[in-house]
Structures are given as C-alpha cells and as structure tokens.
Amino acid sequence: MDVFPELNTKRLKLRRIRVEDVPALVRYANNKKIADHILNIPYPFGEPDAVFRISYVVQGFKSKARYVFAIIYLEREELIGEIGLHVDHQKNIAQLGYWVAEPFWGKGVATEATQAVLKFGFEKLDLDLIFAECHVDNKASEKVLLNNGMKKSGAMRPVMQYRSTKQEFEEQPNFENDVE
C-alpha cells in the first residue's frame with residue numbers, strides 16, 4: 001500500500017493527517033482530559049507538538065508500522081480526532097488507539113470510526129488480531145470497544161485490555177458492510 005487509504009462512513013471521513021489540520025489538532029488535542037488518556041499526546045499541546053505528530057504519523061505510514069487517520073466530521077470538514085493501528089508485522093497483530101475532541105464526545109464518533117478501522121485492519125491489512133487498552137476509569141472508551149465486539153482480555157491496573165480476531169469481528173450481529 002503506497003497511497004494512504006481513505007475510509008468513509010455515514011458521518012465521517014478517515015484520511016491522512018495534513019499540514020492544514022495543525023490548527024484543529026492544536027485546538028482539540030490541547031486538552032488535559034485527552035492527554036491524561038493518550039500516552040503520546042502531551043499537555044499542553046502546541047503547534048510544535050502538532051508538527052512533530054504529523055511527522056511521526058507520516059514516518060509510521062512509510063515504514064508500514066502505523067496507520068493513523070484524521071477523523072473528519074463531514075458536517076464540519078475539520079479534524080476532530082485521530083484513530084490508528086500500530087502494527088506488529090511479526091505477530092500479524094495491531095494495537096488500536098484513538099481520541100476524539102471533547103465537543104464530540106457522546107455522539108458515537110469513536111464507535112463509528114473504530115468499526116471502520118477494525119474492518120480496514122482485518123480486511124485490507126489481513127491482521128489476525130487487533131487489541132486496545134484503556135484506563136479502567138475511562139468508561140466511554142470501554143463502551144466504544146465493547147460496542148465494536150471487542151472482548152476484555154486482561155487487566156493490569158490502571159488499564160484494561162480488549163481484543164478481537166477477524167472471525168469474531170465478522171461474526172458480530174452489528175457488523176456493517178457499508179463502510180467503504
């Protein structure tokens with residue numbers, strides 16, 4: 001895959017992060033509530049952090065180690081978060097990570113984006129397993145993972161781990177085939 005993929009859902013476009021996204025990235029990622037749950041997002045988060053982040057994302061794609069998508073809310077045509085897979089090619093697995101800007105919490109954005117990225121990981125990258133971790137007190141993130149059919153696979157305070165295999169994902173009753 002030489003061209004960064006674009007995924008589309010009913011309300012979202014998941015695409016590569018661009019330099020034009022820097023203002024929205026700074027505005028939304030500069031939030032202590034987000035930084036407290038995302039390991040590689042510092043607080044405060046400024047323009048130099050956003051530029052570094054874009055470089056990190058681009059290098060990850062070039063090495064096929066990371067597929068990090070900008071979450072674009074179609075109504076606004078601006079970045080409102082990120083979602084990505086950090087791939088371990090030797091084990092054929094990936095770790096899922098995401099964040100959504102606080103004004104968009106509780107609107108199903110993370111659930112919708114997660115479904116699209118899980119489908120991408122299993123169908124396009126042919127992964128065997130995708131896992132995610134979230135803090136035990138982050139009930140909203142836990143709900144996103146459970147809503148996408150991921151199962152609890154372990155706990156190591158302060159995080160819980162969830163996972164899904166390709167077969168488990170495809171067997172879900174809410175599996176949608178209309179994610180492009």
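Each value in this text was obtained by applying a stated rule to the coordinates, not by laboratory testing. Predicted model only: the values in this text are computed from it and were never measured. Glycine gets a Cβ as well: all are built from the backbone with ideal geometry, and neighbour counts include every protein chain shown.
Would you check if there is a residue in region 25-40 being in a loop (DSSP other than H, G, I, E, B), in contact with a strand residue (DSSP E or B) (Cβ under 7 Å, 6 or more places away or on another chain) and surrounded by 12 or more Cβ atoms within 10 Å (Cβ to Cβ)? Yes: one or more hits.
Within region 134-152, which residues are in contact (Cβ under 8 Å) with a residue 24 or more places away in the chain, surrounded by fewer than 21 Cβ atoms within 10 Å (Cβ to Cβ) and not in a helix (DSSP H, G or I)? Residues satisfying the conditions are 135, 136, 138, 149.
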